[in-house]
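Structure first, commentary second.
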Amino acid sequence: MEIIEQSEIDAGPQRPFSDSHMIEMSQLSFRYPGGRAALKDVNLKIEAGEVVGLVGPSGAGKSTLLLHLNGLLPLNLAADADSGVSIGGIPIRKDQLTAIRREVGLLFQDPDDQLFCPIVQDDVAFGPLNLNLPPGEVRQRVTDALAAVDLANYGLRQTAQLSVGERKRVCLAGVLACRPSVLALDEPFSNLDPRARRKLIAILQNFAGTQVIATHDLDLVLELCQRVIVLDDGRVRADGPTRAILSDRELMEQHGLEVPYRLASGRDG
Amino acid sequence: MLALGVGRLKSTILVVLPYRRRNETECRSHEVGHCQTASSHPIENRIGGQYSRFCFGLLCCHTPQCGVSNWDTVFPRKNWMHIPDGYLSVTVSAATGALAIGAVGLSLRQIQDRLADRVVPLTGMMSAMIFAGQMVNFPLPGVPVSGHLIGGVLAAAVLGPWAGCLAITSVLLVQWALFCDGGMLALGANVLNMAVCGAWGGFAVYTAMRRVVGTGLKGTVASAVVASWLSVMAAACLFCVEFGMSWSRADLSLGNIFALIVSYHAVIGLGEALITGAVISFVWSHRPDLLQGGDGAKTHVASEVGRFVTAGLATSIAIAAFLAPFASEHPDGLEAVAEQTGISQLATTPSALLLEDYEIPAISQMGWQRLSVSLAGIGGTAAVVLLAGSLGAVLRRPAISAADDD
Amino acid sequence: MISYLDRYARGATVCHRWPASLKLLLAFAVTLTSVLLPHQAWPAQGVLACFVFAGHSLAGIPFDYLLRRLLAFAPLVMMMSLALPLSQGFAAGWEVMLSILCRSGVAFLAGLWLINVMPFDQLLFTLHRFGMPKLLVAMLAFMYRYVFVLWDEYDRMQTARSARDFGGGSAALRWRIRSQLIGMLLIRAMSRAERVHGAMCARGWDGTVRVFEIPPESVTRNGNHRTI
């Protein structure tokens, strides 16, 4: 079964993900070289199309987990070793990295880390170019992605002149231009003013694929996600429907979080 | 006829003048908009203090900024000056350009093997860092001038000679393209003097010395200090050679100017050495892994060769320092050859030293001439050894990469 | 800082609309001619200078800007070239001095014109078309992007430091503090390079530079519109 799926991946852009879990982590542990254990024995299954919030205190391992989704961690993956993560049934291995990175788009916390071209359109075109698409297709994808983040005429702007919110959206356009089926977002709403935040929420709501959103913004989790995973000290502490978990005061406070105002005051249900 | 042509051009200019004024106000107004969106504009206000700086070849002299307030908004306060066009002949420019292209090409190829897909982020970030680091003022007590980092040895110590060379090349290119600093034709000479000589040569000395002195904190800092001083001296000497080859004339003796340039850069080099040493020691205490040579620093110079180079370097500098003043009074073998080949103007002739005309007894008695000639000798030797060392490092490469595989 | 660097480069005059390679070649030709002309041919140098000057006015570069740049450029060129006759006891070296003054002045004006009619991205693209290796182009673009980020970072550190230093300290201390700031900048820059590398890999980067082949030639004033 696995072999058939791989050959399909090689054959073309069709996505053979219909019957298996979109993201699967089995007994994933990770320790930074010379440092602490960041992930301990994580087991997760996320279905296609699910929007999952990843919450937990700082240093809980949220970013580390997201980096695993894309095969950026572990650092030196041996050719035949399996990292314990599979995307759409494909285990993340060195020889599968290209296919994996085509499927998973990663948005980093600091837009300056991600936006490395001086001109906006070059940055958005970076992913499609690395997919070796024909020039016409690249151009089309750049236009579409910029339109999707509501920055249609920003193509020739200089990235250094953009505001933080605009930079974040350009980063998202760069990710969307690769047409991923999974979006992994690391603190997408930090440092944004309410308007920029609102705009980003609207963009994410329009995205049809699977999303994993690591954030401290619990109001937003309530708004966007159907499911929440609480991560603390590298372990999954809770996993379930958003409303049930976020309103569990004891659980929230135990892991350095708090019940969102809307749930606590009972205004919203 | 010619005068008529000039007259016509002048009238053209006069006709165009009104447009110019209009455009100026336009530029200003959209300028304001830019400033508001670009978060980094404080550079104009904060950096630079009240002095602009001029660098020659490497750096030359720093003069107090004119006090007109309008200057602050238009003119880059931080004004490096590398070799501009007009100083070197076209032949020399072409030759240095070809050498620089070759060296940069070699660096590009080497670095692709070593850093693979990290080349662009690491080297690009390093050059951005050097560029930003160069804007930091180091005030000198009591004088209205200041020094700054040049960074060839620093870049090479962190990323290795190839990436270091490329980083400094990028800095020079961007300084040309944004500030019009350094000439278009002289770009090759600037790259050769600072990027190639500074990073390759500086790295050769740095590694060789670390082999001998030790790779601990003290050894590393001492090596960086010596290497950066030598790299500045070597660059100054290279500029002298290039300038001399451009203007070899029978009625001109350039030895005095060269002695001045070299002795001036001996002082500048001290600043560079201090800054590099301090930065390296700071990095050592916080992120020592950055200085372990991600580029395989240990493999670049085999230990015995390294010792040999260092011993040779020390000896030749000592010889140059002590013997150059005496040797320069008697044409030696090299000068004889130079006279035959018509580049005798390069040779040092103390009889027409700049300061002699002014008869400053104190300085004459202090042996200023000999001192400067001494320094010129040291610098020249350093340049030669640096070039030889880097050439050796390049030639040894196949054997080293074979050793890496084992 | 951007506005300050590309001060007039994003204008919309005739000169800005010329093809990028033409501008580059023109500036190169003027520089080369000026350096090749002997000092005896000073009228020709004058004609060249007028030519460049006309180019400046066509490009709408204000005169006072030019004058300031020239005034700042002249003293050091004067100093270096004056040292020549000075060192010969004023007996010789005048010709060389004159040559250097003419050549460097004209070449400097031509260079100034080029940087003020050509934004950096356009220059990079043109250099790439003229055969500069892709890898170097990518590095330069990368550098151009992060100079601003790093400078902001330095500026913040500097502000935080000066908020607490009470203006005291010897020169030696100030040197040490500034060196430490540069060291800090270096460490942060290298960590950032690793993060950016991760972000690039996440979008399929494998070390091969692929250039988006739309010439940014027709970028107009603010860089957000393109005339097709």
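The values are calculated or read from the model by the stated rules, or taken from the named source; none is laboratory data. All values derive from a computational prediction rather than experimental measurement. Note that we place each Cβ from the backbone using ideal geometry, even for glycine, and neighbour counts take in every protein chain shown.
The combined condition, being under 29 Å from C:ALA9 (Cβ atoms), buried (at least 24 other Cβ atoms within 10 Å of the Cβ), aliphatic (A, V, I, L, M) and over 11 Å from the mean Cα position of the chain (by Cα), is not fulfilled by B:ALA195.
Does C:LEU25 meet the test of being more than 7 Å from chain B (Cβ to nearest Cβ) and modelled with pLDDT of 90 or more? Spelling it out, C:LEU25 is indeed more than 7 Å from chain B (Cβ to nearest Cβ) and modelled with pLDDT of 90 or more.
Scanning the range C:171-181 for residues that are within 8 Å of chain B (Cβ to nearest Cβ) and either without any contact (Cβ under 8 Å) to a residue 12 or more places away in the chain or over 16 Å from B:TRP284 (Cα atoms) (or both) returns C:ALA171, C:ARG174, C:TRP175, C:ARG176, C:ARG178, C:SER179, C:GLN180. Considering only residues that are within 8 Å of chain C (Cβ to nearest Cβ) and modelled with pLDDT under 90, which ones fall in the range A:98-117? Matches in the range A:98-117: A:THR98, A:ARG101, A:ARG102. Counting just the residues of the range B:244-260 that are within 9 Å of chain C (Cβ to nearest Cβ) and in a helix (DSSP H, G or I), which one comes out surrounded by the fewest Cβ atoms within 10 Å (Cβ to Cβ)? Only one residue fits best here, namely B:LEU260.
The set of residues in the range B:115-157 being under 26 Å from A:PRO118 (Cα atoms), over 20 Å from the mean Cα position of the chain (by Cα) and surrounded by fewer than 24 Cβ atoms within 10 Å (Cβ to Cβ) consists of B:LEU115, B:ALA116, B:ASP117, B:ARG118.
For the range B:187-196, does any single residue satisfy the condition of being touching a His at 6+ places or on another chain (Cβ under 8 Å), touching a residue at least 40 places away in the same chain (Cβ under 8 Å), among the hydrophobic types (A, V, I, L, M, F, W, C) and within 21 Å of B:GLY269 (Cα to Cα)? Yes, there is a match, as at least one residue in the range B:187-196 is touching a His at 6+ places or on another chain (Cβ under 8 Å), touching a residue at least 40 places away in the same chain (Cβ under 8 Å), among the hydrophobic types (A, V, I, L, M, F, W, C) and within 21 Å of B:GLY269 (Cα to Cα). Scanning the range B:113-133 for residues that are at the interface with chain C (Cβ under 7 Å from one of its Cβ atoms) and not hydrophobic (A, V, I, L, M, F, W, C), we see that the one that is farthest from C:VAL209 (Cα to Cα) is B:GLY133.
Looking across A:GLY71, A:GLY89, one residue alone is away from every other protein chain (no Cβ under 12 Å), touching a residue at least 12 places away in the same chain (Cβ under 8 Å) and on the phi > 0 side of the Ramachandran plot. It is A:GLY89. So is B:THR169 within 13 Å of another protein chain (Cβ to nearest Cβ) and in a helix (DSSP H, G or I) or not? So B:THR169 fits the description; yes. Cβ-Cβ distances below 7 Å connect the following pairs, each with a first residue in the range A:207-224 that is on the phi < 0 side of the Ramachandran plot and surrounded by fewer than 20 Cβ atoms within 10 Å (Cβ to Cβ), a second residue that is part of a helix (DSSP H, G or I) and of a type in the set (Ser, Thr, Tyr), and a separation of six or more residues or different chains: A:LEU222/A:THR242. Where helices (runs of 4 or more DSSP H) sit wholly within the range A:168-269, those with at least 1 residues that are polar (S, T, N, Q), modelled with pLDDT of 90 or more and under 28 Å from A:ASP41 (Cα atoms) occupy A:242-246, A:249-254. The listed residues are C:ALA72, C:ALA107, C:ALA92, C:ALA83, and the only one of them that is in contact with a strand residue (DSSP E or B) (Cβ under 7 Å, 6 or more places away or on another chain) and within 7 Å of another protein chain (Cβ to nearest Cβ) turns out to be C:ALA72.
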